[in-house]
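Comments concern the structure below.
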Amino acid sequence: MQRNSHRYYVRPIFSKIKKKNTLFLGSSKLFFNEVELIHRSKDKIHRKFLMLEEVENQPTHIKKIINEQIKNITSKRQKIGKLRLDRPVVMGILNITPDSFFDGGKYLSISKAIDQTKILIKEGADIIDLGGESTRPGSKKISIREEIKRVVPVISQIRKLQKKVFLSIDTRKSAVMKEALKYKINLVNDVSGLRFDKQSIKFLSTNKVPFILMHSISTPEKMQNEINYSDVVLDVYDFFQKQIQLCEKFNISKNRIIIDPGIGFGKTLQQNLKLIKNISLFHSLGLPVLLGSSRKSFIGKIEKNELYQDRLGGSIATVLYALAEGVQIFRVHDVYATKQAIKIFSSIK
């Protein structure tokens, strides 16, 4: 266990050149010969780069921490349901809401939601992520009853038409999770990281459904007004570590957990970019990593263009960067374009 006043973090630096002691990211073809060692002591952060052979020269307690995190980085990533993680997984977004930032109101009716589901499947989505409550910045909470009313009829209809499709429920409410599970939902996506509803972790401890822990500092209504980090990357990492430990106290296996750093959820433009740039750090938690950057406002802010429909290029750029950093799952609005970009990028690599 690391001392609270001194914390160490290990980020793999992926390479193009294999050496004698090269190690691989778990369930991946990416490899590394070098790591970045980050030391946080109170308000001071020190960074240095170490070749793997230099790890043995570190003080005993630091060497132990580095080796534990390297073991997490290289450990095999377990399948999520039927989904293997030795290839990129694309999650298609289906917002059954009137006010989501990009596609709000498009799929409120059951027929339109089903039509969009068919399109997402045809385009190659590995997962369909259904959400009935907008979590865009400034959005307000809706009732459990209203959220269930929006999503359950769609889930029920999808299950009648497509029994094998991999479905995810995007909700922060345990009651909605429970209703969705009646229709054999395959995954739970909680944007609050199990903090919004204290019953969610109890619910997840009573069944085996895998779930996504996403980082957010507050509710969508308030999150952009309460931004305060010592270091956004390390603070998000510490949040995950704390929530994973909480899950383990409830006897929830780590094999069921996916982590999502929550791009756009209580972060500034520069903080979003810093998280994406350093996203490989999260591999040292030993869990699959998800990136959800699709069409988000930071892309428009960089380009100084606030038109949502003009953010596809920026979205794909983040996917390809994160793919090169070992991210396994991508939550996107544009499934076909993303799959095509990944395929071409991987063929070139």
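The values are calculated or read from the model by the stated rules, or taken from the named source; none is laboratory data. It should be emphasised that the depicted structure is a prediction, and the values quoted were computed from it without experimental measurement. Note that each Cβ is placed from the backbone with ideal geometry, even for glycine, and that neighbours are counted across all protein chains shown.
Structural remarks
- Condition met for Ile263 (touching a Leu at 6+ places or on another chain (Cβ under 9 Å), touching a residue at least 12 places away in the same chain (Cβ under 8 Å) and among the β-branched types (Val, Ile, Thr)): yes
- Residue list for segment 141-157, restricted to those being within 11 Å of Glu179 (Cα to Cα) and buried (at least 16 other Cβ atoms within 10 Å of the Cβ): Ile144, Glu147, Ile148, Val151, Val152, Ile155
- Set Ser156, Ser205, Ser230: member being in the same structural domain as Pro98 (by TED's automatic domain parsing) and either free of Cβ contacts under 8 Å to residues at least 12 places away in the same chain or closer than 22 Å to Cys247 by Cβ (or both): Ser205
- Cβ-Cβ under 7 Å pairs, at least 6 apart or on other chains, segment 238-259 side surrounded by 15 or more Cβ atoms within 10 Å (Cβ to Cβ), far side polar (S, T, N, Q): Ile252/Ser205
- Listed by position, the helices (runs of 4 or more DSSP H) enclosed by segment 260-349 that each have at least 1 residues that are closer than 28 Å to Lys16 by Cα are 269-277, 312-324, 335-348.
- Some residue of segment 300-308 being of a type outside the set (Val, Ile, Thr), closer than 17 Å to Val232 by Cβ and more than 14 Å from the chain's Cα centre (by Cα): yes
- Pairs, first over 19 Å from His39 (Cα atoms) in segment 66-82, second surrounded by 14 or more Cβ atoms within 10 Å (Cβ to Cβ) and among the hydroxyl-bearing types (Ser, Thr, Tyr), C-beta under 6 Å, six or more apart: Lys76/Ser27; Arg77/Ser27
- A residue that is farther than 30 Å from Val188 by Cβ and either under 19 Å from the mean Cα position of the chain (by Cα) or among the polar types (S, T, N, Q) (or both) occurs nowhere in segment 69-82.
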